[in-house]
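What follows is a short report on a single structure.
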Amino acid sequence: MMIFFNDSIPEYKVLGKVGEGSFSEVLKCQDRETGALYAAKRLKMVKQTFTEVLQTPEVVAMRKLKNTPTSCN
């Protein structure tokens with residue numbers, strides 16, 4: 001799941017943090033309607049333009065995975 005500009009996605013509830021690195025953190029999330037569990041990666045992109053964020057390796061990879069059963073875009 002990709003979240004831009006620190007937006008929350010009302011369809012999902014954040015249950016907790018799974019892990020954290022220098023540039024991102026992974027959150028455990030639950031679909032409010034189905035109860036399905038997902039991992040969401042939140043990038044720590046401070047003081048970068050939207051274009052720069054779209055060019056990061058994580059976002060490039062997620063955009064290639066769109067419309068797969070295991071990704072939420």
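The values are calculated or read from the model by the stated rules, or taken from the named source; none is laboratory data. The structure presented is a predicted model; accordingly, all values stated were derived computationally and were not measured. Every residue, glycine as well, gets a Cβ built from its backbone with ideal geometry; the counts of neighbours run over all protein chains shown.
Quick notes on this structure:
- The residue that is nearest to residue 65 (Cα to Cα), among those in the stretch 1-53 that are modelled with pLDDT of 90 or more and outside any strand (DSSP E or B), is 36.
- Restricting the first member to the stretch 1-30 and to residues that are surrounded by 11 or more Cβ atoms within 10 Å (Cβ to Cβ), and the second to residues that are at pLDDT below 85 and of a type in the set (Phe, Trp, Tyr), the beta-carbon pairs closer than 9 Å and six or more apart or on different chains are 4/50.
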